Amino acid sequence: MCKEKGCQEISCNFDLMQESLKKEVRYRTSRSSGAGGQHVNKVSTKVELIFDVENSETLTEEQQAIIRVKLKNRISKEGLLLLLCDETRSQAKNKEIVYHRFINLIEEALKPEKERKSTVPTKTSIEKRLKDKKKKSGKKELRKLLDDGEG
């Protein structure tokens, strides 16, 4: 993972946070589509995980803001994060899969971004860029001379 102090604190806090997030998550089940014959028509195996980001008691205001920004395409107008799973024919497995997806999604969103270290281009790369630039301009110069000669 990462060796920074802040990052370790977040991962420790996140382990504690998982338990309380589990209490805030709601599930809705429905009939899954696709293959499965009569079984698919009788059993509700599709699982939809619903998490209210706006009214979460576990997440701080700062964490809620980060999640709203990073997961804005997945959050509805009502502030609900919706995740679906209908991969297996078992409701319990689908519930487990969608919950793990949810935890991974939240963990990735709350992971601090690494600061970019600016680097200086090497002498060789600068020379190569200038050499390529000169070569391209030479080609274009030749085209101009050929076009002027024809017209």
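The values are calculated or read from the model by the stated rules, or taken from the named source; none is laboratory data. All values derive from a computational prediction rather than experimental measurement. With ideal geometry, Cβ positions are generated from the backbone for all residues, glycine too; neighbour counts draw on all protein chains shown.
Selection of the range 60-112 for residues being within 12 Å of the chain's Cα centre (by Cα), assigned to a helix (DSSP H, G or I), of a type outside the set (A, V, I, L, M) and crowded, with 16+ Cβ neighbours inside 10 Å yields 70, 102. Among the criteria (1) exposed (fewer than 11 other Cβ atoms within 10 Å of the Cβ); (2) in the same structural domain as residue 23 (by TED's automatic domain parsing), the one residue 142 does not fulfil is (2). Annotation: residue 25 fulfils all but one of (1) in contact with a strand residue (DSSP E or B) (Cβ under 6 Å, 6 or more places away or on another chain); (2) modelled with pLDDT under 85; the unmet one is (2). Listed conditions (1) loosely packed, with under 10 Cβ neighbours inside 10 Å; (2) part of a loop (DSSP other than H, G, I, E, B) are all met by residue 148, apart from (2). In the range 76-111, which residues are basic (Lys, Arg), touching a helix residue (DSSP H, G or I) at 6+ places or on another chain (Cβ under 9 Å) and farther than 27 Å from residue 16 by Cβ? Matches in the range 76-111: 89 only.
Of the set (1) surrounded by 15 or more Cβ atoms within 10 Å (Cβ to Cβ); (2) modelled with pLDDT of 90 or more; (3) more than 17 Å from the chain's Cα centre (by Cα); (4) hydroxyl-bearing (Ser, Thr, Tyr), all apply to residue 56 but (2).
Scanning the range 42-79 for residues that are of a type outside the set (Asp, Glu) and in contact with a Phe, Trp or Tyr (Cβ under 8 Å, 6 or more places away or on another chain) gives 47, 49, 50, 51.
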